[in-house]
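Take a look at the structure set out below.
The values are calculated or read from the model by the stated rules, or taken from the named source; none is laboratory data. No experiment lies behind these values; they were computed from the predicted model shown. For neighbour counting, all protein chains shown are included, and Cβ atoms are generated from backbone atoms with ideal geometry for every residue, glycine included.
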């Protein structure tokens, strides 16, 4: 049985063990995994290339390999570390190559828990001693050392090259116990957490991970890890910023409170603007009707401009109130047939669609039901389709297509048009409130529609993205959880 076949039969926490090991092997050159029966189940290509596949046969008893070491007694300190259940420390070990050369390395071990009680796998990562001797070299960074958050500098091989004072306090370790360690092994032994940290170190996937870090007493502290991956400078390829979960929760609570206060202020302000706005529009209408002849053509033009500006403000107030209402108590998630919502919307938009000669294509066959508040789903489709109509431009055969598909963990909605597309300089700002990038004042809206869509999606725990190319159209894609 090959390593891939052996490892590929195991799935823990919905994470394919083979994918995890592949991710780790792209960071660490020498990596070996044994199971609870001491069998070698996986090794990195770098380890096989250096020491020869014959020295590390898949399925072989790893204890026979230990007997062939130049100094087998070096294994005892590694075993003692595991028995104490403390987080791994690098221990010296001499290996012998196929050519008979002795290579001194530093080895770190970590037990990977599996669903089988008392049957952990053992992960070993090694690096040459020559590569680990100068791991704290380079320039001293005063800001790094004095940062209030725990920070670890990681070299291009995935090993810790520097730790600041906050990191030492958080882990209860000395610099010698942290520096030279594989960064991925300092965190939770959960397979899912290992994979997230490994991908963060490579610059893949999310740069922020919630996990836990091992202290010197063997306890795990819940933390949030933010990885900053960059081109290697002074031996540093990435910096990990580590914050305690409680501190993060406190900051998030403060942000939520500040956001709630801001929304309340905006809502109150929008309501307060309505009364003087109604008076402004009412008196300007009376002025035009009762005194139109007296003020002349120029005066009537000025009054019309006042009314136009007032209606614009009225529209903005309406959209601000709609944005503030998204996610408020009273909304009820239910299973909604999107075709019913879309059919209603197509009937309401029929005059605009026919005037512009736009074909609106609805999902066929019947799409899956969506878990959402019906009113918010209507707003979502209305704003996305309205945005497509507004920014269509003049293609030969204008077309808007709506699709709803079901995936394993989400429903995916896409609204695609073949209009003028979005300037790449504006893509990053289209979901911000009051941002409108229409090419003419006639087609310019309030700039709130996409902001409302984004808030609806995020309140449902979903994600929204956009793909666009000038002259070839735009696609908005939304992922809503299946719940």
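Residues are listed down the side, and each one gets a yes or a no for (1) farther than 28 Å from residue 398 by Cβ; (2) within 27 Å of the chain's Cα centre (by Cα); (3) surrounded by 13 or more Cβ atoms within 10 Å (Cβ to Cβ):
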position	(1), (2), (3)
298	yes, no, no
313	yes, no, yes
338	no, no, yes
350	no, no, no
355	no, no, no
363	no, no, yes
386	no, no, yes
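Condition check: within 18 Å of residue 176 (Cβ to Cβ) and at pLDDT 75 or above. Does residue 88 satisfy that? Outline the logic, then answer.
Working: within 18 Å of residue 176 (Cβ to Cβ): yes; at pLDDT 75 or above: no.
Against the criterion (within 18 Å of residue 176 (Cβ to Cβ) and at pLDDT 75 or above), residue 88 does not qualify.
Being in the same structural domain as residue 182 (by TED's automatic domain parsing), surrounded by 12 or more Cβ atoms within 10 Å (Cβ to Cβ) and modelled with pLDDT of 80 or more narrows it down to one residue among 278, 225, 236; which is it? Talk me through it step by step, then tell me what you get.
Values: 278 fails: in the same structural domain as residue 182 (by TED's automatic domain parsing); 236 fails: modelled with pLDDT of 80 or more.
Only one candidate passes the filter, namely 225.
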Segment 305-316 residues that are closer than 16 Å to residue 272 by Cβ, paired with ones that are at pLDDT 85 or above and in a helix (DSSP H, G or I) (beta carbon under 8 Å, 6 or more apart)
310/280; 310/281; 310/284; 314/281
Only one of (1) surrounded by 12 or more Cβ atoms within 10 Å (Cβ to Cβ); (2) within 25 Å of residue 449 (Cβ to Cβ); (3) out of contact with any helix residue (DSSP H, G or I) (no Cβ under 6 Å at 6 or more places or on another chain) does not apply to residue 273, and that is (3)
Considering only residues that are touching a helix residue (DSSP H, G or I) at 6+ places or on another chain (Cβ under 7 Å) and at pLDDT below 50, which ones fall in segment 12-49?
12, 13, 15
Here are some residues: 63, 79. Which one is at pLDDT 75 or above and either in a helix (DSSP H, G or I) or loosely packed, with under 11 Cβ neighbours inside 10 Å (or both)?
63
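Would it be correct to say that residue 408 is modelled with pLDDT of 85 or more and assigned by TED's automatic domain parsing to the domain that holds residue 473?
no
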Report, by residue number, each residue of segment 389-424 that is under 18 Å from residue 352 (Cα atoms) and within 27 Å of the chain's Cα centre (by Cα).
402, 415, 416, 417
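So, of the residues in segment 165-180 that are part of a loop (DSSP other than H, G, I, E, B) and surrounded by fewer than 21 Cβ atoms within 10 Å (Cβ to Cβ), which turns out to be nearest to the chain's Cα centre (by Cα)? Walk me through how you get there before you give the answer.
Our first condition is that a residue be part of a loop (DSSP other than H, G, I, E, B); within segment 165-180, this holds for 172-174, 179-180.
Checking the rest, the ones that are also surrounded by fewer than 21 Cβ atoms within 10 Å (Cβ to Cβ) come to 172, 174, 179.
Working: 172: 30, 174: 33, 179: 29 Å.
Top of the filtered list is 179.
What strands (runs of 3 or more DSSP E) lie completely within segment 333-379 and have 3 or more residues being at pLDDT 90 or above?
Numbers: elements: 334-336, 359-361, 370-372.
Because the criterion is at least 3 residues that are at pLDDT 90 or above, the strands (runs of 3 or more DSSP E) in segment 333-379 that meet it are 359-361.
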When (1) assigned to a helix (DSSP H, G or I); (2) buried (at least 18 other Cβ atoms within 10 Å of the Cβ); (3) modelled with pLDDT under 85 are applied to residue 428, the one that fails is (2)
